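Here's the structure, in structure tokens; my notes come after.
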Amino acid sequence: MTDSLPDPLPQTRHLATAIPGPRSQALHAERRAHVTDGFGVALPVFIDRAGGGILQDVDGNRIIDFASGIAVTSIGASHARVRERIAAQLERFTHTCFMVTEYESFTQVAKWLNEHTPGSFEKRTALFSTGAEAVENAVKIARSATGREKVLVFDEAYHGRSLLTMAMTAKVNPYKLNFGPFPAGIVRAPSANPLRSPAAPEGPEAVAAAALAAVEATLAEHGPEEFAAMVIEPIQGEGGFVVPAPGFLAGLRMIADRHNIILVVDEIQAGMGRTGMLFASEHEGIAGDLTLSAKALADGVPLSAVTGRAELMNAVHTGGLGGTYAGNPLACEAALAVFEAFEDGSLLANARAIEAAAREVLEPLVRQTGVVAEFRGRGAMLALEFADRDTLAPRADLAKEISARCHAQGVLTLTCGTHGNIIRLLPPLVIGQELLIDGLQVLRQTILEVAGEAGDSTAAAAASALA
């Protein structure tokens, strides 16, 4: 089998043409003729091959991948074991629907998740296809188990693009704009953003305390006995890679226990090793009653999961959960390959090494410029927030310009955040150190140049010193 595979992609950045090149431009024009404009695109290049930390486009450009398909291809976009398992499954069958006839890989994926998600209690798992499906089914399970309706969510949250998950998501444009009305029963509370909380000048402990007090007040206003669940990302993704102030998640765990509310931890983006631990909630020493997985779970093949306390998962009547493609056998085989890749611990070590390297290169920019308000994150889930130093007024214009210039130099970065002023970094956990440093240096130099052009004399001096 391996004899027929193409040679591995060189793990170096290479510009054969301008980006996007002529072939990508032609294909993009064809896309515009046939695909709805409702789909956006971060970088309009068409990919021919991918592997390790490189995306190679149809024009021969090799682009450093700091996106991983939005935290999906964490073990690379063409991992050998993933290909082997999927290919073997293709020889047997592609689909039967697990609700019609069964296959072992579904059960094996569920078993692994039961054993590895946080929490020492007995667990059960349900598999689905997308992250939004996992979130919606968690709400269904919580409502079935408690007989309650309301769901508590948080500022800067992102949970998906379906109607219910859009109601749970905080950001309006582009996710919710023009799509209402949304389902009722969703209540929002402040999050513990260490940079932007009104309590930030008093320190992280004060931020956590203020946010927890606001949660209690919100529950009291709406009646805590009305809430089936509270749903929280251990590190907020689209909201800006916000790491909550220490103690906030532990405090939510206590509040949930006090009011018999099911704590749902949305690990869809932060889980599966992205932060240097299998699940980001492990950094905070907590376990959700229900834990949600997706994205990197099957390395690019659609698969998601709800894993939780057995008594909650089994509270749903038979036939109440499912889906035609839920736990498709090809996706289950891909997930089993991902689990194998994590066995020796090297991927988690790589995530921590990525953070160390990025901090060394990028964190000094907070001091060296007046526009990088914060460098934050854990493992290979990192972000730079752009804002005026004195006012913290968001600078989405800078994030957009910096990202565009990086793209032109062959480094794929993504923006995010409620105000669009965040550049997020999601490199594959398998990226090589030299390639990583190359991409980080391109990003660093671009930030210094753009900050200098924006009138930041400190950044201009630093850029001059590097020349």
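Report whether or not Arg376 is within 16 Å of Leu440 (Cα to Cα) and touching a Pro at 6+ places or on another chain (Cβ under 9 Å).
yes
Which of the residues belonging to the range 210-237 are over 25 Å from Ile141 (Cα atoms) and free of Cβ contacts under 8 Å to residues at least 24 places away in the same chain?
Ala210, Ala213, Ala217
State whether the residues of the range 134-144 include one that is touching a residue at least 60 places away in the same chain (Cβ under 8 Å) and basic (Lys, Arg).
Looking through the range 134-144, at least one residue is touching a residue at least 60 places away in the same chain (Cβ under 8 Å) and basic (Lys, Arg).
Taking the range 7-30 as the region of interest, how many residues are of a type in the set (Gly, Ala, Ser) and either in contact (Cβ under 8 Å) with a residue 12 or more places away in the chain or not assigned by TED's automatic domain parsing to the domain that holds Leu435 (or both)?
Let us first name the residues in the range 7-30 that are of a type in the set (Gly, Ala, Ser), namely 16, 18, 21, 24, 26, 29.
Filter again for either in contact (Cβ under 8 Å) with a residue 12 or more places away in the chain or not assigned by TED's automatic domain parsing to the domain that holds Leu435 (or both), leaving 16, 18, 21, 24.
Final tally of qualifying residues: 4.
Condition check ((1) surrounded by fewer than 20 Cβ atoms within 10 Å (Cβ to Cβ); (2) not in a helix (DSSP H, G or I)) across all residues:
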residue: Ala33; (1), (2): yes, no
residue: Val41; (1), (2): yes, yes
residue: Asp48; (1), (2): yes, yes
residue: Glu84; (1), (2): yes, no
residue: Glu115; (1), (2): yes, no
residue: Leu127; (1), (2): no, yes
residue: Glu136; (1), (2): no, no
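Is it the case, given these coordinates, that Ala245 is among the aliphatic types (A, V, I, L, M) and more than 20 Å from the chain's Cα centre (by Cα)?
Considered against the rule, which asks whether it is among the aliphatic types (A, V, I, L, M) and more than 20 Å from the chain's Cα centre (by Cα), Ala245 comes out as no.
Would you kindly identify the strands (runs of 3 or more DSSP E) lying entirely within the range 360-438 that contain at least 1 residues that are aromatic (Phe, Trp, Tyr)?
The strands (runs of 3 or more DSSP E) meeting that bar are 372-378, 381-386.
Conditions tested, residue by residue: (1) at pLDDT below 95; (2) over 27 Å from Val430 (Cβ atoms); (3) charged (D, E, K, R).
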residue: Thr2; (1), (2), (3): yes, no, no
residue: Ala16; (1), (2), (3): no, no, no
residue: Arg31; (1), (2), (3): no, yes, yes
residue: Thr73; (1), (2), (3): no, no, no
residue: Glu84; (1), (2), (3): no, no, yes
residue: Gln108; (1), (2), (3): no, no, no
residue: Leu113; (1), (2), (3): no, no, no
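Only one of Leu212, Leu263, Leu252, Leu219 is assigned to a helix (DSSP H, G or I), crowded, with 24+ Cβ neighbours inside 10 Å, at pLDDT 95 or above and not hydroxyl-bearing (Ser, Thr, Tyr); which?
Leu252
Being under 30 Å from Ile255 (Cβ atoms) and part of a helix (DSSP H, G or I) narrows it down to one residue among Glu340, Glu282; which is it?
Glu282
Select from the range 414-442 the residues that are under 22 Å from Arg196 (Cβ atoms) and polar (S, T, N, Q) and write down the one among them that is surrounded by the fewest Cβ atoms within 10 Å (Cβ to Cβ).
The selected residue is Thr415.
Which condition from (1) at pLDDT below 95; (2) over 27 Å from Ser304 (Cα atoms); (3) of a type in the set (S, T, N, Q) is the one that Asn173 breaks?
If we test Asn173 against (1) at pLDDT below 95; (2) over 27 Å from Ser304 (Cα atoms); (3) of a type in the set (S, T, N, Q), just (2) comes out false.
Quick one: Gly323 ticks every box in (1) touching a Phe, Trp or Tyr at 6+ places or on another chain (Cβ under 9 Å); (2) in a loop (DSSP other than H, G, I, E, B); (3) on the phi < 0 side of the Ramachandran plot bar one, so which box is it?
(3)
The values are calculated or read from the model by the stated rules, or taken from the named source; none is laboratory data. Predicted model, so just to flag it, every value in this text is computed and none were measured. Positions of Cβ are generated from backbone atoms using ideal geometry, with glycine treated the same way; all protein chains shown enter the neighbour counts.
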